[in-house]
Amino acid sequence: PLRDSLAGAPVLYPLTQARLINSRCLAGIDLEKLVYFASSVFWRACATKWWSLDHTVQLSFGPYEEHFRQFLLGHQLFADRAALLINVSGNTEPHIAAIYPYGGGRIQGARQYRFAIPGMAFWLHVGHIPTELRAACAYHSGILCLAPDLNEMYVRDMGSLLAKNAHGRS
């Protein structure tokens, strides 16, 4: 239903790999819950270790961890120095696997973290947020990204994680 709502919505800005859509003008989309869900998963990945097949992962948001905890408790607004991009698959048969939260490196000076669930991918940037990332933030702008082929992005991310893990054990 989320994909169908976005597929029929006016596009604010077409990109090569996604269409940016203002979800605030669409009925039936609870953006607040999507932002809360994604933020809680990212924060939980900081609060505890996540066990994979042969290693553990624990994220660190540094000075932003407490701010996210306070946001989740309803005591603060979403961090000004954070941008959450929510990607929805345009694939009629989206991937059916998940990728646990992981650090995706730096994008234009901001630290990036990612995770994926079937049909969706979430990217969180913290630190110095470039204007274009803030403009695409679900919380700050109401933007959701409809990616025509999120499956391809999923396969690329999973391949990168597997290669990194295999390289780390060499």
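Calculated accessible area for segment 1-108 comes out at 60 Å² per residue, all protein chains present (probe 1.4 Å; ligands, DNA, RNA ignored).
Considering only His128, His95, His55, the mean-square fluctuation computed in a Gaussian network model of the chain, springs between alpha carbons under 10 angstrom, is largest for His55.
With the simple spin-label model, which puts each label point 7 Å out from Cα in the Cβ direction, the Val11 to Glu66 separation comes to 4.4 nm. Across every pair of non-identical alpha carbons in segment 46-135, the mean reciprocal distance, once inverted, gives a Kirkwood radius of 14.3 Å. Shown for segment 69-137: the carbon plus sulfur share of the solvent-accessible area, taken with all protein chains present and a 1.4 angstrom probe, equals 56%.
Here the extension length gained between Glu132 and Ala27 equals 35.2 nm, from 0.36 nm per residue of separation less the Cα-Cα distance. Relative to the Cα centre, the charge distribution of the chain, modelled as +1 at Lys and Arg Cβ and -1 at Asp and Glu Cβ, gives a dipole magnitude of about 340 debye. Put a plus charge on the Cβ of each Lys and Arg, a minus charge on the Cβ of each Asp and Glu, and nothing anywhere else: the dipole of segment 73-154 about its Cα centre is then about 360 debye. Spatial offset of segment 91-135 relative to segment 1-78 amounts to 9 Å, using the alpha carbon center of each. For segment 1-91, the fraction of C-alpha pairs more than 22 angstrom apart is 43%. Of all DSSP beta bridges confined to the chain, the antiparallel ones make up roughly 90%. Ordered by 1.4 Å accessible area with all protein chains kept, Glu93, Glu152 run largest first as Glu93, Glu152. The Arg44 and Gln108 beta-carbon pair, evaluated with R₀ = 22 Å, returns a calculated FRET efficiency of approximately 0.25. Residue separation of Ala98 and Phe37 scaled by 0.36 nm, minus their Cα-Cα distance, works out to 20.5 nm of gained length. Between the beta carbons of Arg81 and Thr56, assuming R0 = 41 Å, the FRET efficiency works out to 0.90 to the nearest 0.05.
The values are calculated or read from the model by the stated rules, or taken from the named source; none is laboratory data. All of these numbers come straight from a predicted model, not from anything done at the bench. Every residue, glycine as well, gets a Cβ built from its backbone with ideal geometry; the counts of neighbours run over all protein chains shown. Protein only, heavy atoms only, side chains kept; ligands, DNA and RNA dropped before computing areas. Shrake-Rupley method; radii C 1.70, N 1.55, O 1.52, S 1.80 Å.
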